[in-house]
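J.: I am attaching a structure below and will ask some questions about it afterwards.
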Amino acid sequence: LYHGQDVTKGKINSSRYRAKVGMVFQTPTPFPMSIYKNMTYAPLYYGVHGKQKLEQIVQEKLEITGLWEEVKDELNKNALKLSGGQQQRLCIARALTAEPEILLLDEPCSALDVKSTQIIEELLLKLKEHNTIVIVTHNLFQAKRIADDCIFMLNGQLWEQNTTEKLFANPQKQETKDYLQGIYA
């Protein structure tokens, strides 16, 4: 549901919905083009024009992700040449250029080193102050550090939902308890 409307029923304008929901995949997926073109892709698609405005968006979103200082002199560099952690932060920054209300992340740190994971988790903690974030993770410690609310799913079914604190401290279903104890992987 998006603002109470089922997005699968076709009653909501899909381009409006797509503009308000950003997606970041498990494996970094920068476009095979420059960092700058990755960052201006969505704004141009959604009608933002003007070099100054585009440059402002690029800098602002790269600063939010902590990537600006690392790449500001290399914006014409192919994004595929960035490290894995930098690519993932670029993908998050790129998703933010459309000013989404919701940010969907599928295991955003699973392929990253400890330092990159820490940077992204700190970023997500800041972003959740202004965005709704839905993150899929099998990393229980990451869920505890980031999430306000948790949902445990098993075999594609919603099994249990609660605040993170309550779900981890006192799960109501045996399957949730088993997962938290490492029985399900």
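The values are calculated or read from the model by the stated rules, or taken from the named source; none is laboratory data. Bear in mind the structure is a predicted one, so any value in this text is a computation, not a measurement. For neighbour counting, all protein chains shown are included, and Cβ atoms are generated from backbone atoms with ideal geometry for every residue, glycine included. SASA here: full protein model, heavy atoms, side chains in, ligands and nucleic acids out. Shrake-Rupley method; radii C 1.70, N 1.55, O 1.52, S 1.80 Å.
J.: Kindly check whether there is at least one residue in the range 135-149 that is small (Gly, Ala, Ser) and under 25 Å from GLY4 (Cα atoms).
T.: Residues of the range 135-149 that are small (Gly, Ala, Ser), as a first pass: 143, 147.
Now restrict to residues that are under 25 Å from GLY4 (Cα atoms): 147.
So far as the range 135-149 goes, yes, one or more of its residues are small (Gly, Ala, Ser) and under 25 Å from GLY4 (Cα atoms).
J.: Here are the criteria: (1) open to solvent by 50 Å² or more (accessible area, probe 1.4 Å); (2) outside any helix (DSSP H, G or I); (3) among the aliphatic types (A, V, I, L, M). Tell me which single one ALA98 does not satisfy.
T.: The number of the failed condition is (1).
J.: On to the next question. Given the conditions (1) in a loop (DSSP other than H, G, I, E, B); (2) out of contact with any strand residue (DSSP E or B) (no Cβ under 7 Å at 6 or more places or on another chain), report the number of the one that ASN76 does not fulfil.
T.: With (1) in a loop (DSSP other than H, G, I, E, B); (2) out of contact with any strand residue (DSSP E or B) (no Cβ under 7 Å at 6 or more places or on another chain) applied to ASN76, the lone miss is (2).
J.: For residues that are farther than 13 Å from GLU99 by Cα, under 18 Å from the mean Cα position of the chain (by Cα) and open to solvent by less than 30 Å² (accessible area, probe 1.4 Å), tally how many sit in the range 36-78.
T.: 4
J.: Related question: Can you name the condition, by its number, that TYR179 falls short on among (1) open to solvent by 70 Å² or more (accessible area, probe 1.4 Å); (2) at pLDDT below 95; (3) not in a strand (DSSP E or B)?
T.: Of everything listed in (1) open to solvent by 70 Å² or more (accessible area, probe 1.4 Å); (2) at pLDDT below 95; (3) not in a strand (DSSP E or B), TYR179 misses just condition (1).
J.: Please state which one of LEU154, LEU103, LEU82, LEU158 is at negative phi and under 17 Å from the mean Cα position of the chain (by Cα).
T.: Result: LEU103 is the single residue among LEU154, LEU103, LEU82, LEU158 that is at negative phi and under 17 Å from the mean Cα position of the chain (by Cα).
J.: So which residues in the range 19-33 are open to solvent by 20 Å² or more (accessible area, probe 1.4 Å) and out of contact with any Phe, Trp or Tyr (no Cβ under 7 Å at 6 or more places or on another chain)?
T.: Filtering the range 19-33 down to residues open to solvent by 20 Å² or more (accessible area, probe 1.4 Å) leaves 20-21, 23, 25-29, 31-33.
Correct list: LYS20, VAL21, MET23, PHE25, GLN26, THR27, PRO28, THR29, PRO32, MET33.
J.: Mind listing whichever residues of the range 1-35 are in a loop (DSSP other than H, G, I, E, B) and over 20 Å from ASN78 (Cβ atoms)? I'd like the intermediate steps shown before the answer.
T.: Applying the first criterion (in a loop (DSSP other than H, G, I, E, B)) to the range 1-35 yields 1, 3-4, 6, 10-13, 25-33.
Answer for the range 1-35, where residues must be in a loop (DSSP other than H, G, I, E, B) and over 20 Å from ASN78 (Cβ atoms): LEU1, HIS3, GLY4, ASP6, GLY10, LYS11, ILE12, ASN13, GLN26.
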